[in-house]
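Working notes, structure below.
The values are calculated or read from the model by the stated rules, or taken from the named source; none is laboratory data. Here the structure is a predicted model, which means the values were calculated and not measured. Please note: Cβ atoms are built from the backbone with ideal geometry, for glycine as well, and neighbour counts cover all protein chains shown.
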């Protein structure tokens with residue numbers, strides 16, 4: 001009973017499909033078998049892993065690694081650790097995530113992106129229940145629960161030789177399918193409530209919006225290709241533009257220019273911001289992300305000119321955050337969406353102190 005309540009709080013929704021997900025988590029959690037969570041990007045697969053960890057009774061840490069977000073040449077050291085002097089720059093030794101997960105759960109997100117060479121090493125760890133750090137011949141015993149996730153057809157990858165079939169058998173003893181948001185639209189209203197609470201807690205300067213019934217019905221017709229992550233980003237955008245207001249369909253429809261195609265891309269951000277500027281009134285606060293003059297006055301208030309530099313910086317920061325959220329913190333992919341080089345994006349991340357918000361790490365919670 002306690003486990004069911006925990007899962008209801010962790011994974012929001014009352015639809016039959018999401019109830020099935022919670023049921024499978026409860027079934028799998030007590031047994032020490034490897035679990036594979038499958039589902040589209042942004043649907044909340046990490047929450048499945050967290051639910052399994054919590055209900056498994058393991059006292060160790062929950063350690064998450066996104067295989068797609070770490071360059072292949074660094075992933076081996078991240079997973080297995082290394083000894084001092086193992087390679088240039090290794091001034092001291094370090095535990096790998098596999099060892100850190102001892103007594104707990106290791107969550108490998110986007111396992112399909114793991115290079116074949118590392119798949120062989122991971123298979124050996126699972127077979128021998130030991131790990132060898134880079135630069136060491138010593139085998140260290142490890143005991144961890146493994147949960148993996150992918151948005152790809154990993155079975156087809158194995159058939160094409162792009163993923164080791166013997167590893168797949170090891171990591172997918174029990175499979176849990178997480179549905180896309182488009183297949184559980186009846187949960188959208190509840191998800192908005194949960195996301196609003198999260199937004200209010202994490203972004204003190206943003207007052208979440210609420211929606212009229214016609215707006216909720218409109219949102220339920222959209223395909224949400226970015227799933228819950230896209231819904232969260234949309235809610236944040238609305239709350240930045242219409243702080244604390246109750247929105248009807250007239251205000252949200254212009255913010256979804258590709259509604260009929262069911263596709264949301266960063267290319268539409270220009271249209272988004274143009275519409276936002278045209279819709280601003282003196283009673284509507286705008287972009288309260290910093291202690292700027294916009295926070296103490298109203299948009300284009302009399303005798304108070306707009307600080308264009310700070311305004312554009314706020315727009316830039318919001319677009320970078322959106323790109324990082326959409327690509328699960330993958331700097332290279334986010335830079336591609338923004339049309340800039342990864343080095344330039346890293347400079348911007350430092351400039352806006354975005355690393356402190358853990359945007360480059362697997363999200364702590366998507367719901």
(message) For residue 90, only one of the following conditions fails: (1) in contact with a strand residue (DSSP E or B) (Cβ under 8 Å, 6 or more places away or on another chain); (2) outside any loop (DSSP other than H, G, I, E, B). What is its number?
(response) (2)
(request) Of the numbered conditions (1) over 24 Å from residue 326 (Cβ atoms); (2) surrounded by 18 or more Cβ atoms within 10 Å (Cβ to Cβ), residue 103 fails exactly one; give the number of that condition. (result) (2)
(message) Show the residue pairs meeting these rules: Cβ distance below 7 Å; 6+ apart or different chains; first residue within segment 103-116 and at positive phi; second residue surrounded by 20 or more Cβ atoms within 10 Å (Cβ to Cβ) and in a strand (DSSP E or B).
(response) 110/66; 110/149; 110/150
(request) Taking residue 121 as meeting all but one of (1) within 18 Å of the chain's Cα centre (by Cα); (2) touching a residue at least 40 places away in the same chain (Cβ under 8 Å), write down the number of the exception. (result) (1)
(request) Tally the residues that are in a loop (DSSP other than H, G, I, E, B), free of Cβ contacts under 8 Å to residues at least 60 places away in the same chain and more than 16 Å from residue 144 (Cβ to Cβ), restricting the search to segment 41-66. (result) 0
(message) Among (1) surrounded by fewer than 21 Cβ atoms within 10 Å (Cβ to Cβ); (2) touching a residue at least 60 places away in the same chain (Cβ under 8 Å); (3) farther than 20 Å from residue 12 by Cβ, there is one condition residue 230 misses while meeting the rest; what is its number?
(response) (3)
(request) Considering (1) buried (at least 20 other Cβ atoms within 10 Å of the Cβ); (2) in contact (Cβ under 8 Å) with a residue 60 or more places away in the chain; (3) over 25 Å from residue 151 (Cα atoms), say which one residue 242 fails and leave the rest. (result) (2)
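Here's the yes/no breakdown for (1) at pLDDT below 80; (2) out of contact with any helix residue (DSSP H, G or I) (no Cβ under 6 Å at 6 or more places or on another chain); (3) assigned to a helix (DSSP H, G or I):
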{"position": "320", "(1), (2), (3)": "no, no, yes"}
{"position": "323", "(1), (2), (3)": "no, no, yes"}
{"position": "329", "(1), (2), (3)": "no, yes, no"}
{"position": "332", "(1), (2), (3)": "no, no, yes"}
{"position": "335", "(1), (2), (3)": "no, no, yes"}
{"position": "348", "(1), (2), (3)": "no, no, yes"}
{"position": "359", "(1), (2), (3)": "yes, no, no"}
{"position": "364", "(1), (2), (3)": "yes, yes, no"}
{"position": "367", "(1), (2), (3)": "yes, no, no"}
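Is it the case that some residue within segment 80-89 is touching a helix residue (DSSP H, G or I) at 6+ places or on another chain (Cβ under 9 Å) and within 30 Å of residue 7 (Cβ to Cβ)? Give the steps one after another, and end with the answer.
Taking segment 80-89 first, the residues touching a helix residue (DSSP H, G or I) at 6+ places or on another chain (Cβ under 9 Å) are 80-82, 86-87.
Adding the requirement that they be within 30 Å of residue 7 (Cβ to Cβ) leaves none.
Scanning segment 80-89 turns up no residue that is touching a helix residue (DSSP H, G or I) at 6+ places or on another chain (Cβ under 9 Å) and within 30 Å of residue 7 (Cβ to Cβ).
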(message) Suppose we keep only residues that are in contact (Cβ under 8 Å) with a residue 12 or more places away in the chain and assigned to a loop (DSSP other than H, G, I, E, B) within segment 191-220. Which one would you say is surrounded by the most Cβ atoms within 10 Å (Cβ to Cβ)?
(response) 209
(request) Spot the failing condition for residue 121; the list is (1) under 15 Å from residue 65 (Cβ atoms); (2) in contact with a strand residue (DSSP E or B) (Cβ under 7 Å, 6 or more places away or on another chain), and only one is missed. (result) (2)
(request) Evaluate the following for residue 226: is it assigned by TED's automatic domain parsing to the domain that holds residue 197, touching a strand residue (DSSP E or B) at 6+ places or on another chain (Cβ under 9 Å), closer than 18 Å to residue 198 by Cβ and at pLDDT below 95? (result) no
